[in-house]
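Student: Here you go, one structure.
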Amino acid sequence: MSGCTPKAAPAGATGKATIAIDPVSRIEGHLKAEVTVENGVVVDARLSGGMYRGFETILRGRDPRDASQIVQRICGVCPTAHSTASCMALDNAFKVKVPTNGRLTRNLTFGANYLQSHILHFYHLAALDFVQGPDSAPFVPRFAKPDLRLPKDINAAAVDQYLEALEVRRICHEMVAMFGGRMPHVQGQVVGGTTQIPTKEALVEYAARFTKVREFVEKKYVPVAYTVGAAYKDLFSFGQGYKNCISFGAFPMNDAMTELHLKRGVYIDGKDQPFDPKLIKEYVKYSWFDDATTGLHFSEGKTVPAPHKAGAYSFVKAPRYNGKAVESGPVARMWVTNPELSPVGQKLLKDLFKLNAKRFRDLGDDKAFSVMGRHVARAEETYYMLSAIERWLKEVKAGEETFASAEIPAKSEGVGFTEAPRGSLVHYINIKDQKIDNYQIVSATLWNCNPRDDSGQLGPVERALIGTPVPDISNPVNVARVIRAFDP
Amino acid sequence: MSLNRRDFVKLCTGTVAGFGISQMFHPAVCEAISGSLNGERPPVLWLQGQGCTGCSVSLLNSVHPTIADVLLKVISLEFHPTVMAWEGEPAMEHMMKIAEQYKGKYFVVVEGAVPTEADGKYCIIGEAHHKEISMADAMKSVAANAAAVLAVGTCAAYGGIPAAQGSETGAKSVSAFFKENGIATPVVNIPGCPPHPDWIVGTVVVALNAIKAKGLAAGLADVVKLLDADGRPTPFYGRNVHENCPYLEAYDAGKMCETFTKKDGCRYDLGCKGPMSMCDSFERKWNGGVNWCVSNAVCIGCVEPDFPDGKSPFYSA
C-alpha cells in the first residue's frame, strides 16, 4: 500500500481526480495541498495552512521590549528574522539609533542564520525529493515510485553531503550564538542594538567557523545544486506561477540603511517597480478570519480568528501588493538584486545547460521561477551572502559599543521590514500607554502560501502548482516538489 | 551499534556528580544501549502541535552524540513531519500502523502545544483514511498508546507561548491534555524554549538505558523517580541558574550591570530571571559551548512552567 489515495475515483485513465497531501512534509509548520489532476496535469490547487496560534493577539498588552523575544517563537528555523524585524520596528517606535557596531553584529547574527537556513533547506528538507536516502527511518518509507534519478555515485556523494551538512548547519548556529547568545531563539538582539560587544577572540572564533562553512558552500552546496538540477532538467520547465515577486530588502550595509545587500524592489508583469509599503493589503475571504477584517493595511490590521467560517480553507491570510499576488524568497531577491552568479555556477550553467549566464536574470524568468530555479536561486543567494559576511567581519570593531538605550515611549508606532530566508517579512507595532496596543506581522509564508484573495486570485504557490505534471496520482511527487522549492 | 562510550560520557559529564546515580552512566552499561524494547532501535513518533519546530532544530544541534548517530543508531524515527521522506496520508497511515504494531512499546515525542478550542481545528496534523486528524485526535490515540510521551519544549511541557495571556485556541500542555481526558500514559517534560539538545538526547538515552537494564515498566519507573515536581529530569533541571551563576558573587556584592553591554556585574537589574529558573545552562552552555543566555544577555526563564507570562516583562527598565 503506497501513494496517495484520490478523493474521487478517476473517470478512466485521463479522468479528473482530486488528491490531498496532508501533511506536506519537509517544510516548517502545517500545510495541506489539495490538487485536482486532469489528463496528468494539475488544473486546480488549494493550499491550506492548518495551524493557528495567535501571536498578534498574544502580544497585545505586553511590554513592547518583550516582542523581540516572543516573536522569535513564530519559527524555530528563522527566529533571527523575526527578532531582526521586531527590533527594527522597536528601534523605529522608540526612536533609537543603533550604533554601527550594533548594526554589524546584528548582520553577523542574522547572516549566519541565512547560511544555516538555506543549507538546512536544500539538504534536510528538499534533498529527499531528488536523493535516495539510506534504507532506514526517517529516510524510509517513501513513495513506491519516487522518481529518484541520480546515478549511483552521485547519489552516494549526495547522501554523504546530507550528513556533512548536518554538521555544517550546526556550525552556522555556533556562529549565530557567538553574538546571539544561543540558537534557536537568540537572546542577543534587543531594541537599540545587540547585547554583547564583540571581543577579538569571539570574532576569531566566528571567522574560523565561517571559513569552514564557506568552503562547504563554495565546494559542495552550490555545485551540487546545479548537478542535481542537471539530472532533473524537466523541473526547470514548470512551477513558474505568476513570475511576480517582491523583496523588502535586508542587511543594511550602512547606518542610514539606504544600502541593502539584498535589495528592495518589486517586479510585476515583467516590469521593475519601486516598493511602496502602502500598497500592501491582507485579504481573508478564503481564510479562517472574520470577513470584517479583510482588505486592511497591516498598520490597521486586525486578527479575529473564525475557524468554522464556511468557504474558507486556510489559517493563512492573503497579502496582496497593489492587488497582485507576489512571491518572495531567494528567487525574488536574486531577481531584484540581480547579482553576478557564483563562478562555479556560471561554469556549470555553461557545461551542463549550454547557457551563458553572468547575472541571475540571464537565466531568464522561465528557468529562474521554475521549481529547480528556486533551488538554484537559494544556492546562489547563499554564495552571495558570503561576501557580505566577509565585509562585516572586516568592518566590525572589537570593543566598540553595540547598544544604545532608550525609554519605552508612552505612545508610538514603528515598522520593521526585512527578509526572512524564505521571504519578505514586516513587523508593525503600535504602542499606547507604554504597552503593545496592536502588533501585526506579515511573514514569508503569508506571501507565498496564501489561499485565494477576495477576488478569487490564487496565491503564488497555488498558481505555481497549476500545470504541474502528475502522471501517477499514487506517486504525485511533483506536487510537493513545487511546494518545497518555496521553502514554506 | 549505538553510542560509543566516549560520546555518552561527554554527554553526561558534569551533570551527575553528587546525584548518586553515576552507576547508571557507567560506560560499560552505556555500551548496551543499542538493545531496546524490541531488539531494534525503539520506534519514535514525533507529533508537532502548535509549535515552531525550534525544538527539532535545537535537537539537530546535538554534538555528542551527533544527530546523525541519534537518527541512525539510537532511535527509529518513524514519523517526523520536518525530516521524513514520505508525505500525506500514506505517511500518516504508516505512523498509525507502527502505533498499532508496537502498541505500548513505542515512544511519542510531542513538540508544541495541543489546542482544544473549535473542536481541535486550530491544529490539523494530517489526513488518514480520508479523515482530517487534529492534534487533539492524535494525542488521544497515538500518544495515549505510547509507552511514554516526551513533552519536548515548553509548549508541550507547560503550554508555553501558545497558551499565554491573549490566546484564543485553548492551547494545553501534554500533561494537562492527558489529565483532562483521563489518559494515564507517563509523561516526561523536557522544557526549554527551546530545550538544549543535550537535555533531549540525554533524557532519551537515560530512559533507554533504564529500560534495557530493567525492562519497560521498571525502567520507566526509574525515569519517573528522576523527575521533579514539574515533571523535569533533575539531572538537567535540578539546579537553580542564579545559585550556580558565575555572576553570583557580583550579585552578593551588589555589583549590577547598568546596561546590556556593560557586563561587569550581575544581570539581575537588567531583568534576569536566573533566580526563578532551573536548568544547567550555566555549566553546559549553548551551541557547542560558544556562549549562553546570561553571559550574552539575561535569562528569560524559558524552562519554567509559567513562561512567558510569569517571566514578563523580560527586561527591566
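Student: Counting only the backbone N, which residues of the stretch A:422-450 are under 18 Å from the spot 7 Å out from the Cα of A:HIS297 toward its beta-carbon?
Tutor: Backbone N within reach: A:425-431, A:438-443.
Student: For the stretch B:154-167, what does the Karplus curve 6.51 cos²θ - 1.76 cosθ + 1.60, with θ = phi - 60°, yield as ³J(HN,Hα) per residue in whole Hz, taken in order and with x for Gly and Pro?
Tutor: In residue order, the calculated couplings are 5, 4, 6, 6, 9, x, x, 4, x, 9, 6, 3, x, 6 Hz.
Student: Pull up all non-local amide H partners of B:LYS172: gap of 5 or more, or a different chain, and H-to-H distance under 5 Å with H placed in the peptide plane.
Tutor: Here B:VAL114, B:THR116 satisfy the definition.
Student: Next question, about the same structure. Let's test this: bin the Cα-Cα distances of the stretch B:188-298 at 10 Å from zero up to the farthest pair and state each bin's percent.
Tutor: Distribution as computed: 14, 38, 27, 14, 6, 1 percent.
Student: Share of antiparallel DSSP beta bridges in the protein assembly as shown, in percent to the nearest 5?
Tutor: On the way: 63 of 83 bridges.
Here the antiparallel bridges make up roughly 75 percent for the protein assembly as shown.
Student: Could you pull out every whole DSSP H run in chain A that spans at least 20 Å of Cα extent along its own axis and averages 0.0 or higher on the Kyte-Doolittle scale? Working shown, then result.
Tutor: Numbers: long enough: A:79-94 (22 Å, 0.21); A:100-119 (29 Å, -0.54); A:152-180 (42 Å, 0.17); A:200-216 (24 Å, -0.36); A:371-395 (37 Å, -0.41).
In chain A, the long hydrophobic H runs are A:79-94, A:152-180.
Student: When we measure straight from the Cα of B:LYS262, which aspartates and glutamates land under 19 angstrom away, once same-chain ones fewer than 8 places off are left out?
Tutor: Once the sequence-local aspartates and glutamates are set aside, what remains near B:LYS262 is A:GLU201, A:GLU400, A:GLU401, A:GLU407, B:GLU249, B:ASP252.
Student: Same structure, new question: Using all alpha carbons of the stretch A:136-282, what is the percent of pairwise distances in each 5 Å bin, ordered from the shortest bin to the longest?
Tutor: 2, 7, 9, 12, 14, 14, 14, 14, 10, 4, 1, 0
Student: Which loop-located trypsin sites (Lys or Arg not before Pro) does the stretch A:379-488 contain, where loop means any DSSP state but H, G, I, E or B and the Cβ has at most 16 other Cβ atoms within 10 Å? Mind showing how you got there, number by number?
Tutor: Details: sites: A:ARG391, A:LYS394, A:LYS397, A:LYS411, A:ARG422, A:LYS432, A:LYS435, A:ARG452, A:ARG463, A:ARG481, A:ARG484; in loops: A:LYS397, A:ARG422, A:ARG452.
Listed in order of number, the matching sites are A:LYS397.
Student: Please work out whether the stretch B:239-317 counts as rounded, prolate or oblate from its C-alpha gyration tensor, where a ≥ b ≥ c are the square roots of the eigenvalues and a/c under 1.5 means rounded, while otherwise a/b larger than b/c means prolate and anything else oblate? Mind showing how you got there, number by number?
Tutor: Details: a/c = 1.45, a/b = 1.11, b/c = 1.31.
In terms of gyration-tensor shape, rounded.
Student: Here is a further query. Looking at the P(r) of the stretch A:308-379, how many percent of alpha-carbon pairs lie beyond 15 Å? Intermediate results must be reported in sequence, preceding the final value.
Tutor: Working: 1551 of 2556 pairs.
Here the tail beyond 15 Å accounts for 61 percent of pairs.
Student: Cα gyration tensor of the protein assembly as shown, axes a ≥ b ≥ c as square roots of the eigenvalues: rounded (a/c below 1.5), prolate (a/b > b/c) or oblate?
Tutor: In terms of gyration-tensor shape, rounded.
Student: Would you kindly derive the ³J(HN,Hα) couplings of the stretch A:280-291 from the backbone phi angles with the Karplus curve 6.51 cos²θ - 1.76 cosθ + 1.60 (θ = phi - 60°), listing them in order in whole Hz, with x for Gly and Pro?
Tutor: 8, 9, 10, 10, 10, 4, 9, 10, 6, 9, 4, 4
Student: Over all alpha-carbon pairs in the stretch B:127-198, figure out the percentage whose distance exceeds 21 Å. Present the calculation step by step, with values, prior to reporting the outcome.
Tutor: Working: 778 of 2556 pairs.
Pairs farther apart than 21 Å: 30 percent.
Student: Calculate one ³J(HN,Hα) per residue across the stretch B:202-214 by plugging θ = phi - 60° into the Karplus curve 6.51 cos²θ - 1.76 cosθ + 1.60, and present them in order as whole Hz with x for glycine and proline.
Tutor: Couplings: x, 5, 4, 5, 4, 5, 5, 4, 5, 5, 4, 6, 10 Hz.
Student: Quick one: if you take sqrt(5λ) for each eigenvalue of the C-alpha gyration tensor of the stretch B:129-170, what semi-axes come out, biggest first, whole angstrom? If you can, show how the numbers build up before the last one.
Tutor: Working: eigenvalues 98, 54, 8 Å².
Semi-axes (√(5λ), whole Å): 22, 16, 6.
Student: Another one. Could you list, in their original order, any pairs among A:LYS212/A:LYS394; A:LYS243/A:LYS358; A:LYS233/A:LYS281; A:LYS32/A:LYS152; B:LYS172/B:LYS225; A:LYS95/A:LYS263 whose Cα atoms are separated by more than 27 Å?
Tutor: Over 27 Å Cα-Cα: A:LYS233/A:LYS281; A:LYS32/A:LYS152.
Student: Also, I was wondering about something else. Taking the dipole about the Cα centre of the stretch B:251-317, with the C-beta of Lys and Arg at +1 and of Asp and Glu at -1, give me whichever of B:VAL294, B:PHE314, B:SER277 is farthest to the positive side.
Tutor: The listed residue farthest towards the positive side: B:VAL294.
Student: Which value in deg cm²/dmol, rounded to the nearest 500, describes the helix-derived mean residue ellipticity at 222 nm for chain A, given -39,500 (n - 2.57) per DSSP H run of n ≥ 4 and division by the residue count?
Tutor: Numbers: 14 runs with 168 residues, N = 488.
Calculated mean residue ellipticity at 222 nm is -10500 deg cm²/dmol.
Student: Using alpha-carbon positions, what is the distance between the centroids of the stretch A:11-64 and the stretch A:336-396, in Å?
Tutor: 30
Student: Something else: Can you list the chymotrypsin sites (Phe, Trp or Tyr not before Pro) in the stretch A:360-401 that are in a DSSP coil and have 10 or fewer other beta carbons within 10 angstrom?
Tutor: Numbers: sites: A:PHE360, A:PHE369, A:TYR383, A:TYR384, A:TRP392; in loops: A:PHE369.
Counting only loop positions with at most 10 other Cβ atoms within 10 Å, none of the chymotrypsin sites (Phe, Trp or Tyr not before Pro) in the stretch A:360-401 qualifies.
Student: Kindly provide the helix-only [θ] at 222 nm of chain B, computed as the sum of -39,500 (n - 2.57) over DSSP H runs of four or more divided by all residues, to the nearest 500 deg cm²/dmol? Intermediate results must be reported in sequence, preceding the final value.
Tutor: Working: 13 runs with 94 residues, N = 317.
Counting only the DSSP helices, I get -7500 deg cm²/dmol.
Student: Please go through the stretch B:87-126 and write out the trypsin sites (Lys or Arg not before Pro) that DSSP classes as loop and that have at most 15 other C-beta atoms within 10 Å. Present the calculation step by step, with values, prior to reporting the outcome.
Tutor: Values: sites: B:LYS97, B:LYS103, B:LYS105, B:LYS121; in loops: B:LYS103, B:LYS105, B:LYS121.
Passing both the DSSP loop test and the Cβ count: B:LYS103.
Student: For chain B, what is the convex hull volume of the alpha-carbon atoms per residue, in Å³? Present the calculation step by step, with values, prior to reporting the outcome.
Tutor: Numbers: hull volume 40.8 nm³, N = 317.
Per-residue hull volume (Cα only) is 129 Å³.
Student: How big is Rg to Rh over the stretch A:51-114, alpha-carbon atoms, Rh as the Kirkwood inverse-mean-distance radius?
Tutor: Working: Rg = 12.6 Å, Rh = 12.6 Å.
Result: Rg/Rh = 1.00.
Student: Sticking with this one: Nearest 5 is fine: what % of DSSP beta bridges in chain B come out antiparallel, could you say? Mind showing how you got there, number by number?
Tutor: Numbers: 10 of 28 bridges.
Among the beta bridges of chain B, antiparallel pairing accounts for roughly 35 percent.
Student: Any idea what diffusion coefficient the stretch B:53-143 gets from Stokes-Einstein, in µm²/s, Kirkwood Rh on alpha carbon pairs, 25 °C, 0.890 mPa s?
Tutor: Values: Rh = 14.5 Å.
Roughly 170 µm²/s, to the nearest whole number.
Student: Placing unit charges on C-beta atoms (Lys and Arg positive, Asp and Glu negative, everything else neutral), compute the dipole magnitude of the protein assembly as shown about its Cα centre in debye, rounded to 20. Please report the intermediate quantities before stating the final value.
Tutor: Details: 87 positive and 85 negative charges, 183 e Å.
Roughly 880 debye for the protein assembly as shown.
Student: When every alpha-carbon pair in the stretch A:403-488 is counted, what percent end up more than 23 Å apart?
Tutor: Beyond 23 Å sits 47 percent of the P(r) for the stretch A:403-488.
Student: Quick one: which residues, 5+ away or cross-chain, put their amide H under 5 Å from the amide H of B:VAL109? H built at 1.01 Å from N.
Tutor: For B:VAL109, whose amide H was placed from the backbone, the distant partners under 5 Å are B:LEU45, B:TRP46, B:LEU47, B:LEU150.
Student: Here is a further query. Who wins for biggest fluctuation among B:THR53, B:THR203, B:THR261 in a Gaussian network model of chain B, springs between alpha carbons below 10 Å?
Tutor: Checking each option, the largest mean-square fluctuation is seen for B:THR261.
Student: To continue, here is another question. With the crude spin-label approximation of a point 7 Å out along Cα→Cβ, what separation in nm comes out for A:ASP272 versus A:THR199?
Tutor: About 4.5 nm separates the two model spin labels.
Student: To the nearest 20 debye, what charge dipole does chain B have about its Cα centre, counting +1 at the Cβ of each Lys and Arg and -1 at the Cβ of each Asp and Glu? Please report the intermediate quantities before stating the final value.
Tutor: Working: 26 positive and 32 negative charges, 160 e Å.
Dipole of chain B, to the nearest 20 debye: 760 debye.
No lab work stands behind these numbers, since they all come straight from the coordinates. What you are looking at is a predicted structure, and each value in this text was computed from that prediction instead of being measured. Cβ sites come from the backbone with ideal geometry, for glycine too, and all protein chains shown count toward neighbours.
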